[in-house]
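What follows is a short report on a single structure.
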């Protein structure tokens, strides 16, 4: 009888402790912003959840290797190096939608970026950013019903979207807007001064 009571006491203690572990906040599923609720393949073909970037300030840009604006790779790298230790990431998405100016394979694109511009920010596999085969991420970014005032068709290579720490799109910049120019730099520095739980009230529309 004593052994039965001891066994019962052990089972009861275990059953009481389990809910406490299950209710641990560290085990709760992260709520991902709709703008980052996508899984994309990086330049090496590995799946990457964009939700993992939530909490950082992000600059999303569609890039191309044979464009008159390709020199912006240098500015994007300078921008990334300046702010990466403050929680800023650059996510680059090669696309061949404009003038067939990104004809290479992912391997060729990676090699070009590394050898020509010494790129260290995050490169993703080639996608489509417009048309019938537009990828899900850019389908979201360009739909005004989803992305409000920052929606609208991508105009050309190196269009830029700025995402705050909460995962909300807060600005869109024209392709020719330099990543190291005052407009983008001032906007980013303002975001970096905010707490992670806050989001920006400012916007540049489709500037």
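Every number here is computed from the coordinates shown, using simple stated rules; none is lab data. This structure is a prediction, so every number in the text was calculated from the model and none was measured. Cβ placement follows ideal geometry from the backbone for every residue including glycine, while neighbour counts extend to all protein chains displayed.
Before moving on, here are some points about what is shown:
- FRET efficiency, residue 37 to residue 111 (Cβ-Cβ, R0 30 Å, nearest 0.05): 0.45
- Region 31-193: relative contact order as a whole-number percent, Cα under 8 Å and 6+ apart: 29
- DSSP-defined antiparallel bridges as percent of all bridges, region 31-193, nearest 5: 50
- Taking 0.36 nm per residue of separation and subtracting the Cα-Cα distance, full extension of the segment from residue 176 to residue 78 would add 33.7 nm.
- For region 140-155 and region 46-62, distance of Cα centres in Å: 18
- Rounded to whole Å, sorted largest first: equivalent-ellipsoid semi-axes of region 24-143, Cα gyration tensor: 25, 18, 12
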